[in-house]
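**Q** I'd like to ask you about the structure that follows.
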Amino acid sequence: MGLTAVKDNIYWVGAVDWDIRDFHGYSTYKGTTYNAFLAIDEKIALFDTVKSNFKENLLYHIRELTDPKSIDYLIVNHVEMDHSGCLPEIIKEVQPEKIFCSPMGEKALNSHFDTKGWPIQVVKSGDTLSLGKKTVTFLETKMLHWPDSMFSYIAEDKLLISSDAFGQHIASTERYVDELALGEVMTHAAKYYANILHLFSPNVQKLLQQVGELGLEIDMIAPDHGLIWRGNPGEIIAAYDRWSRRETKRKALVIYDSMWKSTTKMACAIAGAISREGVSVKMMNLAVNHRSDIMTEVLDCRALVFGSPTLNNGILPRMADFITYLKGLRPKGKIGAAFGSFGWSGEAVKHLNAAMEAMEISLVDEGLRVKNVPKDEDFAKCKELGKKIGLAVVGMG
Ligand code: FEO
């Protein structure tokens with residue numbers, strides 16, 4: 001079997017990274033792909049490239065179809081290094097007639113590489129490029145998720161090459177979403193959205209509106225990571241609409257860490273009481289859950305309940321890590337509460353409350369502290385707190 005032709009004369013020529021497990025703080029335990037696409041028309045265009053150490057994979061795939069020197073145009077939808085790392089070497093090999101990128105893309109290329117002599121041509125939203133029978137329309141997608149990001153749309157093929165948007169970190173020999181279990185792909189698409197794009201949800205809403213207004217017919221979305229959405233990509237577009245509107249469920253997360261299990265015991269009692277109010281609860285022990293997997297659950301939850309014992313007048317290191325990560329991703333419209341055990345000073349709850357206030361998470365309670373090991377009267381207070389949180393979640397709709 002040859003390379004996947006995603007459309008007539010448009011081929012996947014990217015690379016599969018089976019081994020990557022960490023993407024600057026995002027756990028990629030299924031690996032990923034760096035997708036690149038080659039359109040062969042009267043002019044030959046390569047859409048995006050790959051990470052520098054996968055240059056040979058990209059060239060190997062291109063050579064199965066054509067001599068790399070026959071490529072006329074390079075289209076740089078996004079300058080982040082996982083899609084541009086091998087660009088200098090590819091440019092040397094290909095010697096393209098033109099390199100197309102957005103206005104911010106030109107700035108990004110100039111600040112990443114020595115671009116002297118590169119035939120860069122800036123394109124803006126709505127600009128078109130004829131390849132012969134196929135026409136590429138460019139659409140700037142600033143801050144999705146970098147200032148330079150853009151989409152390439154080929155009307156004749158109803159194909160949207162969407163850069164990082166709609167991607168998932170999954171390594172596979174399959175190229176299409178419908179060749180794997182949809183539920184699994186959607187989970188990874190949600191994880192991708194929560195960790196990379198959630199911060200830019202207002203831009204996603206604007207983009208969806210813009211795509212609607214332009215009346216683009218799309219029957220395939222080809223992202224730069226993971227699997228391609230073909231047939232009816234409505235499912236992922238609807239999910240992006242839901243996620244970017246920050247739609248939530250009757251769901252609470254109890255995110256906690258513990259030293260000698262006292263905070264764990266409190267977490268269990270609080271979670272049980274929340275669930276008795278008809279709220280779905282997920283226990284997220286920081287000792288066993290990766291920050292980026294917790295973020296996936298944050299996407300559609302209403303309440304964030306943080307538990308940490310006090311260590312050296314502060315919170316436990318794994319909690320500090322998660323709070324820092326969450327703060328950067330700016331959760332909106334959530335409610336919260338804090339709890340934790342302590343030995344003598346007991347500042348953890350105060351720190352957690354301050355962190356939530358800084359993130360504009362509305363506190364439903366001043367928080368609950370327990371000295372050393374919880375007793376019956378402490379469990380009663382945990383249940384009270386859980387009930388209060390549960391009722392607040394239900395009250396949100
Ligand atoms: Fe996949 Fe923003 O790079």
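**Q** Any chance you could give the angle, 0 to 90 degrees and rounded to 10, that helix 234-244 forms with the longest Cα principal axis of the chain?
**A** That works out to roughly 50 degrees.
**Q** How tilted is helix 348-358 with respect to the longest principal axis of the chain? Cα atoms for both, answer in degrees (0 to 90, nearest 10).
**A** 40
**Q** With all protein chains present, how much of the accessible area of the chain (probe radius 1.4 Å) comes from carbon and sulfur, to the nearest whole percent?
**A** Values: 8420 of 16660 Å².
Here carbon and sulfur together make up 51 percent of the probe-accessible area.
**Q** Give the distance, in whole Å, between the Cα centre of region 14-56 and the Cα centre of region 99-163.
**A** Here the two parts' Cα centres lie 17 Å apart.
**Q** Another question about this same structure. If region 238-397 were replaced by its equivalent ellipsoid, with semi-axes equal to the square roots of 5 times the Cα gyration tensor eigenvalues, what would those be, largest first, whole Å?
**A** 24, 18, 13
**Q** Let me ask something else. Can you work out the Karplus-derived ³J(HN,Hα) for every residue in region 199-208? Use 6.51 cos²θ - 1.76 cosθ + 1.60 with θ = phi - 60°, whole Hz, and x for glycine or proline.
**A** 4, 9, 3, x, 5, 5, 4, 4, 5, 4
**Q** For the chain, give me the percentage of DSSP beta bridges that are antiparallel, rounded to the nearest 5 percent.
**A** Working: 28 of 63 bridges.
Approximately 45 percent, going by the DSSP bridge assignments.
**Q** Could you please state, rounded to a whole Å, how far the C-alpha centre of region 358-397 is from the C-alpha centre of region 172-199?
**A** 34
**Q** Accessible area of residue 382, 1.4 Å probe, to the nearest 10 Å²?
**A** About 0 Å², rounded to the nearest 10.
**Q** Lys and Arg at +1, Asp and Glu at -1: add these up for the other residues within a Cβ distance under 11 Å of residue 223 and post the number. Present the calculation step by step, with values, prior to reporting the outcome.
**A** Values: positive: none; negative: 48, 164, 224.
Local net charge: -3.
**Q** Then there's this: Taking the Cβ of residue 29 as the center, what net charge do the other residues with Cβ under 15 Å away carry, scoring Lys and Arg +1 and Asp and Glu -1? Numbers along the way, then the final one.
**A** Values: positive: 21, 30, 191, 291; negative: 17, 19, 22, 184, 293.
Once positives and negatives cancel, what remains is -1.
**Q** For residue 91, what is the net charge nearby, where nearby means another residue's Cβ is under 15 Å from its Cβ and Lys, Arg count +1, Asp, Glu -1?
**A** Numbers: positive: 55, 69, 92, 98, 116; negative: 48, 72, 89, 93, 97, 106, 114.
Net local charge, residue 91 excluded: -2.
**Q** I'd like the orientation of helix 376-395 relative to the chain: the angle between its Cα long axis and the longest Cα principal axis, in ° from 0 to 90, rounded to 10.
**A** 40
**Q** Right, something else. Identify, among 304, 77, 172, the residue whose Cα sits farthest towards the positive end of the charge dipole of the chain, taking +1 on the Cβ of Lys and Arg and -1 on the Cβ of Asp and Glu, with the dipole about the Cα centre.
**A** Of the candidates, 304 comes out farthest on the positive side.
**Q** List the pair-distance distribution P(r) of the chain, using every Cα-Cα distance, as the percent of pairs falling in each 20 Å bin from 0 up to the bin containing the longest distance, rounded to whole percents.
**A** Result, from short to long distances: 27, 46, 23, 4 percent.
**Q** Oh, and also: Note down the nm distance, to one decimal, between modelled labels 7 Å out along Cα→Cβ at residue 187 and at residue 89.
**A** Between residue 187 and residue 89, the simple spin-label model gives 3.5 nm.
**Q** Another question, if that's okay. So what is the accessible area of region 4-244 per residue, in Å², with the probe set to 1.4 Å? List each step's numbers first, then the result.
**A** Details: 9260 Å² over 241 residues.
Value returned for region 4-244: 38 Å² of accessible area per residue.
The values are calculated or read from the model by the stated rules, or taken from the named source; none is laboratory data. Since the structure is predicted, the reported quantities are computational estimates derived from the model, not experimental observations. Neighbour counts are summed over all protein chains in view; Cβ atoms, including those assigned to glycine, are modelled from backbone coordinates with ideal geometry. Calculation scope for accessible area: heavy atoms of the full protein, side chains included, ligands and nucleic acids excluded. Shrake-Rupley method; radii C 1.70, N 1.55, O 1.52, S 1.80 Å.
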